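The values are calculated or read from the model by the stated rules, or taken from the named source; none is laboratory data. The model shown is predicted, which means the values in this text are computed figures rather than measured ones. In this analysis, Cβ positions are derived from the backbone assuming ideal geometry, glycine residues included, and neighbour counts consider all displayed protein chains.
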Amino acid sequence: MGRHVIRELLEHDYDVLSLDKVAPQSKVCPSWIADLTRASDIYQALKGCDGIVHLGAYQAPNLAPDTEIFANNVTATYNVLKAATDLGVKKIVISSSIAAFGFIYAYRPWPPDYLPLDEDHPGKPQDPYGLSKVVGERIADSFAATHQVTISSLRFPGINFDITYTDFRERHRDPEARRWGLWSYIDARDTASACRLALEATFQGHEVFLAAAPTSAMNLDTNELIRKYLPEVKKVKEGRKGNWSCVDSAKAEKMLGFRARHTWEKHLGKQTCSGRSSSDAPSPLSSPPTGGEGGVRGKRSE
């Protein structure tokens, strides 16, 4: 995801410094080796910058021991917000996740209260990753209460990095496997656009935004999917037809000007589902693990 954000910022005339635990494979902007769990690394990097996009985290559970995932993600977010506010950085963007709601990685699955999800839906994560995202958002609330800043927490669904969308044909065969991800997704290029737009936002305080593709990852009617695979959900917004997304991006559209531009339909067209299995695994549409930290700071060139 970081590569897409860097490219988006560079294309919009930002000066970018990339922070990561490992050196980039290809260098398109200045980059520093940094560990976001060490506050001193961040203070040095943020001097003179106008904004920061915080992406550094374990990107799912089971990539490390539970305590390591939670401690790493929460500590990194606190350190970024602490250093940014101490140094007068006014624009802060945090990559959050719909895992904060608690459906995707739940040990004991529970259905949404209503669909589509919006930012007001309660979150009850049972896993260390989803819990770390909720705590990170509360940390952002705390700093926003005492500083004049603009903090955006962007809750993304599973991120698709394959711009050809060829594997979506296989995904269409097994809707049940992705029910706890609510069949939602977002293209990596659209996550980058959302991050840039959040950097340019003018509201004060901290806001949580959902940002997703406007349609589901399935080629089936979403109302039918809910009736078959999530029958416990009794409150579904009326009037929506086709493969509408169970993640509502209306707030991001209104406050950030976000519009997802990349969808599987534009690449594959409407496909006919030819079969499905009985698998009930969590949604695999999450960012590939890197095990590292990362961040991007941006200052628009004149």
Selection within region 79-101 - over 16 Å from Val208 (Cα atoms) and surrounded by fewer than 24 Cβ atoms within 10 Å (Cβ to Cβ): Asn79, Lys82, Ala83, Thr85, Asp86, Leu87, Gly88, Val89, Lys90
Which one of these is of a type in the set (A, V, I, L, M), in contact with a Leu (Cβ under 8 Å, 6 or more places away or on another chain) and closer than 22 Å to Asp20 by Cα: Ile98, Ile151? Ile151
For Leu131, are the conditions met, namely being hydrophobic (A, V, I, L, M, F, W, C), more than 25 Å from Arg261 (Cβ to Cβ) and touching a residue at least 40 places away in the same chain (Cβ under 8 Å)? yes
When you scan region 89-108, how many residues do you find that are in contact with an Asp or Glu (Cβ under 9 Å, 6 or more places away or on another chain) and in contact (Cβ under 8 Å) with a residue 24 or more places away in the chain? 11
From the list Leu117, Leu154, Leu182, which residue is among the hydrophobic types (A, V, I, L, M, F, W, C), under 20 Å from Ala250 (Cβ atoms), buried (at least 20 other Cβ atoms within 10 Å of the Cβ) and touching an Asp or Glu at 6+ places or on another chain (Cβ under 7 Å)? Leu117
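Against the condition part of a loop (DSSP other than H, G, I, E, B) and free of Cβ contacts under 8 Å to residues at least 60 places away in the same chain, how does Pro24 come out, does it pass? Quick ask: steps written out before the conclusion?
Details: part of a loop (DSSP other than H, G, I, E, B): yes; free of Cβ contacts under 8 Å to residues at least 60 places away in the same chain: yes.
For Pro24, the condition - part of a loop (DSSP other than H, G, I, E, B) and free of Cβ contacts under 8 Å to residues at least 60 places away in the same chain - is met.
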Mind checking which residues of region 82-91 are closer than 13 Å to Asp41 by Cα and either at pLDDT below 95 or not charged (D, E, K, R) (or both)? Ala83, Ala84
Can you name every residue in region 127-147 that is within 18 Å of the chain's Cα centre (by Cα) and either in a loop (DSSP other than H, G, I, E, B) or among the basic types (Lys, Arg) (or both)? Asp127, Lys133, Arg138
Of all residues being under 21 Å from the mean Cα position of the chain (by Cα) and crowded, with 21+ Cβ neighbours inside 10 Å in region 169-178, which is nearest to Asp120 (Cα to Cα)? Just the residue, please. Arg178
Is there any pair linking a residue in region 223-238 that is buried (at least 16 other Cβ atoms within 10 Å of the Cβ) to one that is assigned to a strand (DSSP E or B) and aliphatic (A, V, I, L, M), with Cβ under 9 Å and at least six apart or on different chains, and which? Asn223/Val236; Ile226/Leu115; Ile226/Val236; Leu230/Leu115; Val233/Leu115; Val236/Leu115
Does region 46-55 include one or more residues that are assigned to a loop (DSSP other than H, G, I, E, B), within 17 Å of the chain's Cα centre (by Cα) and at pLDDT 95 or above? yes
